[in-house]
Amino acid sequence: MTVMNDLSDDAMRLRITQHLTYTLGKDKSHASVYDWRMAVSYSVRDILIEPWFNAARKTYEAQGKRVYYLSMEFLIGRILEDAMVNMGLLETVQNVLDGEGISLSDVIEDEPDAALGNGGLGRLAACFLESMSTLACPAYGYGIRYEHGLFRQKFEGGRQVEHPEDWLNQPHPWEFERPEARYIIPFKGHLDGTSWHPSETVYARAYDMPVVGWQGKWANTLRLWGAHPTELFDLEQFNSGDHTAAAAPEALARTLSRVLYPEDRTDSGKELRLKQEFFLTSAALQDILRRFLSEYDDLSLLPNKVAIQLNDTHPALAGPELIRLLMDVHGLDWRAAKDITQGCLNYTNHTLLPEALEVWSTWLMGNVLPRHMQIIERIDAEHQAATLCGADLAIVRHDQVHMGTLAFVMATHVNGVSGLHTQLMRETVFSGLNGLYPDRILNQTNGVTPRRWLRLSNRALSRVLTDTIGTGWERDLDQLANLHAHEANRDVRDAIGAAKRENKVALSNWSAHHLGVPLDPDAMFDVQIKRMHEYKRQLMNIFETIARWSAIRADPNANWTPRVKIFGGKAAPGYVFAKDVIRFINDVGHVINNDPVTGDLLKVIYPANYNVSMAQRLIPAADLSEQISTAGKEASGTGNMKFTMNGALTIGTLDGANVEIREQVGAENFFLFGMTAGQAQDRARIKDHARTAILSSQPMQDILQIIVEGRFNPDEPARYHSLVDTMWHHDPFLVASDFDSYLAAQSRVDAAYGNQDHWNTLALRNIAGAGQLSSDRTIKGYMADIWGAKSLA
Ligand code: NBG
């Protein structure tokens with residue numbers, strides 16, 4: 001099946017035991033799970049080197065265009081299992097470990113998640129890397145090697161508490177440190193005309209990770225930058241006794257790559273964040289230019305050889321920085337430098353939420369990056385002169401640099417991440433710029449890699465698929481459509497149901513063991529997992545849970561469909577409202593889970609520390625996928641795609657990629673509710689819409705009443721009064737306005753689930769319609785429409 005699986009078990013055993021002995025210095029009889037994991041990782045990595053070198057050689061020989069994906073976030077998750085699956089080594093390793101009496105799953109789960117991202121944007125970047133390797137697209141990812149990834153979430157008394165994450169506390173077997181690949185990153189100082197005299201510098205040092213594609217034929221590189229001091233440790237100062245001061249430059253530099261910013265959407269406005277963004281951008285561009293100049297000497301060819309994708313505005317300093325490097329370091333004039341830069345850059349927007357549109361004060365920008373501020377002003381002057389646009393479309397306005405405008409003006413292509421989002425980009429935030437630069441905006445609907453999100457995480461369903469339609473779906477997800485031909489086959493429908501049940505049993509056991517809440521695998525598993533945000537409306541889901549609980553209590557012997565409500569997600573540490581919602585869900589869950597009246601008819605679980613590995617556990621076990629954001633607010637969603645691929649049915653609004661998912665799977669196989677984006681926009685403008693909506697919804701009134709009475713927190717009945725107040729007076733994300741429609745859709749869900757065979761049919765249609773949700777499809781789109789890059793397969 002794959003190029004790798006000619007490796008015999010014996011050969012693999014030898015590799016692993018040699019690493020155990022010679023790399024880890026451990027005798028088999030004393031080896032821990034950690035030792036085995038490292039030995040297995042090194043062995044798999046060894047095998048990966050050849051395709052990695054081959055890819056580099058072919059890329060070099062082809063002299064074609066290379067793609068550079070610049071992102072402040074790569075939410076990779078665990079690496080070993082993914083590498084084994086893609087290289088076809090899983091069985092071999094399993095056999096070897098079985099022979100040693102070691103559990104493969106223990107070894108896999110010993111690996112910490114590489115959590116160098118917050119949510120969708122970072123996970124998308126990781127899926128894209130895998131698809132670019134699968135498609136043999138010559139590409140590099142550039143990011144930051146944060147010592148501490150996204151915080152670890154714990155609950156104390158139901159409240160989120162953040163703990164530092166420390167994945168680099170132990171050796172990272174997948175990285176290659178490149179002390180020779182380093183660049184000086186300058187900051188601050190003063191300008192002398194256009195010549196910049198920085199007063200601070202750090203080194204960016206490269207750490208490379210191979211990213212292997214499906215069947216192990218190609219591996220691209222993810223190059224992460226770590227910050228190191230340019231000034232040596234001051235030995236004289238140290239010897240004189242001032243130990244702290246002696247280490248100061250080192251500490252200062254290291255802070256730069258110390259932590260991932262935990263904000264999901266809002267920028268902290270901190271100088272450190274701006275420095276991090278510049279650190280990534282400058283290091284990447286210096287590296288790109290070095291590589292280009294080692295092969296070519298005419299810089300005007302750069303746009304023919306280099307396509308740079310800016311993942312959101314975080315690396316938008318790429319515009320001014322590339323101009324600076326071309327002018328100040330390589331001696332080009334302004335015109336040439338700017339044209340070349342524009343020819344290389346493209347920008348992806350990931351949200352329309354106004355608070356997420358990145359701005360920096362001109363004061364801070366001028367202070368940290370004076371030369372860039374000067375270049376930005378010149379870009380802005382030309383942009384305004386060429387387009388005759390008003391001040392409201394300028395890059396610098398009200399003493400702020402608008403990074404979205406900067407990225408837009410400096411890019412060849414600007415894209416949204418779903419059909420609806422792209423349309424709204426044209427009509428709303430970027431309508432002015434779209435008028436000035438028509439045809440610059442285009443759409444590339446997101447996708448997810450089916451290797452990690454189906455093949456790896458859902459073995460049971462993968463087996464059913466392969467038994468039914470063959471293995472072709474693994475590299476060409478469109479082949480899932482072949483399932484339609486088997487819809488009338490009861491055995492296939494049963495097999496799909498049985499696979500789901502197998503995953504649900506596994507999750508039930510996990511929940512009993514880790515959360516102390518055993519679950520009934522025959523109950524419907526209803527899942528909402530994503531960052532905590534008001535617009536995603538976790539609140540609406542927990543309100544529905546309360547309504548359900550009251551209804552069951554009122555008539556416990558009615559024909560209820562048992563449900564397990566599953567929540568997961570982190571709130572930004574400073575996002576007070578989102579943290580209140582977490583506590584509220586946990587409070588509600590505590591009461592419901594201990595209520596003998598509702599018993600197994602309703603359970604609520606909220607496993608702490610939702611991350612990539614948790615998603616891999618939860619999604620395959622989901623019957624129902626909650627995609628219930630206020631229409632017009634979710635740019636795309638990618639979790640929604642993972643659920644569909646795994647045969648969960650969606651209850652959702654016409655938002656983000658839900659729109660396309662519904663088209664693909666068929667409207668009759670999707671539980672739609674709520675206002676459209678246009679209706680939601682109109683409603684939000686109506687005075688007192690919250691109050692009006694609540695007064696016309698008896699269920700809303702009942703729920704708010706129960707909360708006011710303090711039923712979920714008798715020790716402190718007033719705890720959620722302000723939450724209820726917000727509902728009556730603000731409700732900016734229209735929970736009340738959509739609530740009755742949501743309840744009605746939930747009743748349709750209950751009815752459908754009551755007939756398991758019917759439900760399995762709907763699940764089959766969802767899986768069959770998931771072909772377009774592969775990130776392979778997305779990457780092909782970027783290659784053809786944006787990058788002009790060719791596959792070297
Ligand atoms: C997120 C959107 C999601 C989208 C991902 C990936 C940010 C800023 N945006 O809807 O909220 O799926 O990006 O495009 O993280």
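Say we look at segment 108-142 and pick out the residues that are within 23 Å of Ser791 (Cα to Cα) and among the small types (Gly, Ala, Ser); which of these is nearest to the ligand (Cβ to nearest atom)? So, considering only residues that are within 23 Å of Ser791 (Cα to Cα) and among the small types (Gly, Ala, Ser), the one nearest to the ligand (Cβ to nearest atom) is Ala125. Just wondering, is there one or more residues in segment 724-735 that are without any contact (Cβ under 8 Å) to a residue 12 or more places away in the chain, closer than 30 Å to Ser696 by Cβ and out of contact with any Pro (no Cβ under 7 Å at 6 or more places or on another chain)? Yes, that holds for at least one residue.
Which one is surrounded by the most Cβ atoms within 10 Å (Cβ to Cβ) among residues in segment 343-362 that are over 29 Å from Leu301 (Cβ atoms), within 12 Å of the ligand (Cβ to nearest atom) and not β-branched (Val, Ile, Thr)? It would help to see each step written out before you state the result.
Going residue by residue through segment 343-362, those that are over 29 Å from Leu301 (Cβ atoms) are 350-362.
Remaining after also requiring within 12 Å of the ligand (Cβ to nearest atom): 350-353, 355-358.
Next, only the ones that are not β-branched (Val, Ile, Thr) stay: 350, 352-353, 355-358.
Values: His350: 20, Leu352: 19, Leu353: 15, Glu355: 8, Ala356: 18, Leu357: 17, Glu358: 22.
My answer is Glu358.
Every residue, every condition in (1) closer than 25 Å to Pro521 by Cα; (2) at pLDDT below 95; (3) surrounded by fewer than 21 Cβ atoms within 10 Å (Cβ to Cβ); (4) not basic (Lys, Arg), yes or no:
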{"position": "Leu406", "(1), (2), (3), (4)": "no, no, no, yes"}
{"position": "Val409", "(1), (2), (3), (4)": "no, no, no, yes"}
{"position": "Gly416", "(1), (2), (3), (4)": "no, no, no, yes"}
{"position": "Glu427", "(1), (2), (3), (4)": "no, no, yes, yes"}
{"position": "Phe430", "(1), (2), (3), (4)": "no, no, no, yes"}
{"position": "Leu461", "(1), (2), (3), (4)": "yes, no, no, yes"}
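Residue pairs whose Cβ atoms lie under 8 Å apart, sitting 6 or more positions apart in sequence or on different chains, and linking a residue in segment 111-135 that is part of a helix (DSSP H, G or I) to a partner that is more than 10 Å from the ligand (Cβ to nearest atom) and among the charged types (D, E, K, R), are Cys127/Arg452; Glu130/Asp82; Glu130/Arg451; Glu130/Arg452; Ser131/Asp776; Thr134/Arg451; Thr134/Arg475; Thr134/Asp776.
Just one of the numbered conditions (1) over 20 Å from the mean Cα position of the chain (by Cα); (2) farther than 18 Å from Ala744 by Cβ; (3) away from the ligand (no atom under 16 Å from the Cβ) is not true of Gln616; which one? Failed condition: (1).
Among the listed residues Ile76, Ile108, Ile47, which satisfies the condition of being in contact with a strand residue (DSSP E or B) (Cβ under 9 Å, 6 or more places away or on another chain) and of a type in the set (Val, Ile, Thr)?
Details: Ile108 fails: in contact with a strand residue (DSSP E or B) (Cβ under 9 Å, 6 or more places away or on another chain); Ile47 fails: in contact with a strand residue (DSSP E or B) (Cβ under 9 Å, 6 or more places away or on another chain).
One residue alone meets the criteria, Ile76.
Here Asp113 fulfils each of the conditions (1) over 30 Å from Leu345 (Cα atoms); (2) crowded, with 23+ Cβ neighbours inside 10 Å; (3) under 19 Å from the mean Cα position of the chain (by Cα) apart from (2).
Where strands (runs of 3 or more DSSP E) fall entirely within segment 162-215, those with at least 2 residues that are within 15 Å of Gly143 (Cβ to Cβ) and within 21 Å of the chain's Cα centre (by Cα) are at 200-212. Remark: Val107 matches the filter, which requires a residue to be in a helix (DSSP H, G or I), in contact with a Phe, Trp or Tyr (Cβ under 7 Å, 6 or more places away or on another chain) and of a type in the set (Val, Ile, Thr).
For segment 536-543, the count of residues that are of a type outside the set (Asp, Glu) and either touching a Cys at 6+ places or on another chain (Cβ under 9 Å) or part of a loop (DSSP other than H, G, I, E, B) (or both) is nonzero.
Taking each residue of segment 572-586 that is within 16 Å of Pro714 (Cα to Cα) and looking for partners that are of a type in the set (A, V, I, L, M, F, W, C) and surrounded by 19 or more Cβ atoms within 10 Å (Cβ to Cβ) with beta-carbon atoms closer than 8 Å, six or more apart or interchain, yields Phe584/Leu539; Phe584/Ile542; Phe584/Phe712; Ile585/Ile542; Ile585/Phe567; Ile585/Val604. For segment 178-201, taking the residues that are under 28 Å from Phe128 (Cβ atoms) and in contact with a helix residue (DSSP H, G or I) (Cβ under 6 Å, 6 or more places away or on another chain), the one that is surrounded by the fewest Cβ atoms within 10 Å (Cβ to Cβ) is identified as Tyr183. Of the residues examined, Val591 is one that is more than 16 Å from the ligand (Cβ to nearest atom), more than 24 Å from the chain's Cα centre (by Cα), within 24 Å of Glu534 (Cα to Cα) and assigned to a helix (DSSP H, G or I). When we screen Gly574, Gly589 for residues that are modelled with pLDDT under 95, at negative phi and not basic (Lys, Arg), the only hit is Gly574.
Pick from segment 144-169 the residues that are surrounded by 14 or more Cβ atoms within 10 Å (Cβ to Cβ) and of a type in the set (Gly, Ala, Ser): which of them is nearest to Tyr207 (Cα to Cα)?
Applying the filter and picking the extreme gives Gly149.
Checking segment 325-336 against the condition returns a match, with at least one residue being in contact with a strand residue (DSSP E or B) (Cβ under 9 Å, 6 or more places away or on another chain) and either within 16 Å of the ligand (Cβ to nearest atom) or touching a residue at least 24 places away in the same chain (Cβ under 8 Å) (or both). Applying the condition of being within 15 Å of the ligand (Cβ to nearest atom) and either in contact with a Leu (Cβ under 6 Å, 6 or more places away or on another chain) or aliphatic (A, V, I, L, M) (or both) to segment 648-678 and asking which residue is nearest to His484 (Cα to Cα) yields Ile661. Among the residues making up segment 171-196, those that are of a type in the set (A, V, I, L, M) and closer than 17 Å to Ala283 by Cβ are Ala181, Ile184, Ile185. Among the residues of segment 142-160, is any farther than 18 Å from Met532 by Cα, touching a helix residue (DSSP H, G or I) at 6+ places or on another chain (Cβ under 7 Å) and among the hydroxyl-bearing types (Ser, Thr, Tyr)? Yes, segment 142-160 has at least one match.
The values are calculated or read from the model by the stated rules, or taken from the named source; none is laboratory data. On a predicted model such as this, the values are computed, not experimentally measured, just so you know. Backbone-built Cβ (ideal geometry, glycine too); neighbour counts: all protein chains shown.
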